[in-house]
Amino acid sequence: MFYNAKNNNIKIEQSDMDYVSFGIGNKNLIIIPGLGDGLRTVKGMAIPLAFMYKQFAKEYTVYVFSRRNHLASGFTTGNMAQDIVAAMNLLNISNADILGVSQGGMIAQCVAIRNPEKVNKLVLAVTSSKTNELINSVVGKWIQLAKRKDFKNIFIDTAEKSYSEKYLEKYRKYYNILWRFSKPKDYERFIIQANSCLTHNVYGDLDKIKCPTFVIGGKQDCIVGVNSSKEIADRISNSELYLYEEYGHAVYEEAKDFNEKVLEYFKR
């Protein structure tokens, strides 16, 4: 199996959580994905994720955690962070480096604020510490589309707002095929997760994050905006900020050196 990649599931209170593990390293790395997890968990994604993050596999044992499968209405990013900590405890992970992407970065902030002993180093990519006009507009639109079960337009709008024009020129012609293959069975989980983005606000507590933190943003970000990354870096004293000039929200997929930058920071 590719770097010992495995699909796993763990019981969390009255629900359960899908997660992927891979890697052969002695250190622990936790990756928390973004809002797309509301449409599809990491179930069955062990090989693709191990390949996507293969740069980390020799240094780390990597865990990619989804949100719990059954989310109660009003579930917050703070509640999701509690689930990450619970999963770490159940798996005997005393501490780890953490990479949080987009909504995953919101959850990672909550972990670092409330359970600092669990986090060695932190990377927050294309995320925000609080909502803003842009997030309200974009995510609010997705919620309305999800209520109408209009996945085609969720898929298209997400792509258009996430990727660079150069990338989109290659893939727009495949929209009508791609959205059909990734259509979710249920929208309620996505709506709950999306609403948690709109209520997320830890800006006033960011100064409680003392671990080394690397903040990565994209200057073309049309979902959370580039200022969100700047705000986070300004509030965390032990932080570094890197902004990609030509990329937007999907920088973690588009920038060929993204994983290398993250790994270099963790290894310092």
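Data table
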item: Lone qualifier among Val224, Val202, Val215 - being closer than 24 Å to Ile30 by Cβ, touching a Phe, Trp or Tyr at 6+ places or on another chain (Cβ under 8 Å) and either at pLDDT 95 or above or of a type outside the set (Ser, Thr, Tyr) (or both); result: Val215
item: Some residue of segment 64-87 being at pLDDT 95 or above and farther than 21 Å from Lys11 by Cα; result: no
item: Test: Tyr175 is surrounded by 15 or more Cβ atoms within 10 Å (Cβ to Cβ) and modelled with pLDDT under 95; result: yes
item: Cβ pairs under 6 Å, 6+ apart, first in segment 127-144 and touching a residue at least 12 places away in the same chain (Cβ under 8 Å), second crowded, with 16+ Cβ neighbours inside 10 Å and outside any helix (DSSP H, G or I); result: Thr127/Ser102; Ser128/Val224; Ser129/Val202; Leu134/Gly225; Ile135/Val224; Val138/Ile223
item: Residues (more than 21 Å from Val119 (Cβ to Cβ) and part of a loop (DSSP other than H, G, I, E, B)) located in segment 22-37; result: Ile24
item: Cross-chain or 6+ apart pairs with Cβ under 6 Å, segment 55-73 first and within 23 Å of Arg40 (Cβ to Cβ) and β-branched (Val, Ile, Thr), then in a helix (DSSP H, G or I) and at pLDDT 95 or above; result: Val62/Phe56; Val64/Leu49
item: Residue selected from segment 212-254 under the condition hydroxyl-bearing (Ser, Thr, Tyr) and part of a helix (DSSP H, G or I), by the criterion nearest to Leu198 (Cα to Cα); result: Ser228
item: Residues within segment 167-193 that are of a type in the set (A, V, I, L, M) and touching a residue at least 24 places away in the same chain (Cβ under 8 Å), tallied; result: 2
item: Counted residues, segment 1-21 - those being more than 21 Å from Phe266 (Cα to Cα) and either β-branched (Val, Ile, Thr) or part of a helix (DSSP H, G or I) (or both); result: 4
item: When residues of segment 178-191 are limited to those that are out of contact with any Pro (no Cβ under 8 Å at 6 or more places or on another chain) and surrounded by 18 or more Cβ atoms within 10 Å (Cβ to Cβ), the one modelled with the highest pLDDT; result: Ile191
item: Selected residue (only one of Ser229, Ser196, Ser239 is crowded, with 18+ Cβ neighbours inside 10 Å, without any contact (Cβ under 8 Å) to a residue 40 or more places away in the chain and out of contact with any Cys (no Cβ under 9 Å at 6 or more places or on another chain)); result: Ser239
item: Count of residues meeting criterion [buried (at least 23 other Cβ atoms within 10 Å of the Cβ) and in a helix (DSSP H, G or I)] in segment 38-68; result: 3
item: Residue within segment 180-187 that is in a helix (DSSP H, G or I), farther than 22 Å from Asn132 by Cα and polar (S, T, N, Q) present; result: no
item: Sole exception among (1) buried (at least 18 other Cβ atoms within 10 Å of the Cβ); (2) out of contact with any Lys or Arg (no Cβ under 7 Å at 6 or more places or on another chain); (3) of a type in the set (S, T, N, Q) for Gln14, by number; result: (1)
item: First in segment 255-268 and over 15 Å from Gly25 (Cα atoms) and assigned to a helix (DSSP H, G or I), second anywhere and modelled with pLDDT of 95 or more and charged (D, E, K, R), Cβ under 8 Å, 6 or more apart; result: Tyr265/Lys121; Tyr265/Glu240
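The values are calculated or read from the model by the stated rules, or taken from the named source; none is laboratory data. These numbers were taken from a predicted model, which means no experiment stands behind them. Neighbour counts are summed over all protein chains in view; Cβ atoms, including those assigned to glycine, are modelled from backbone coordinates with ideal geometry.
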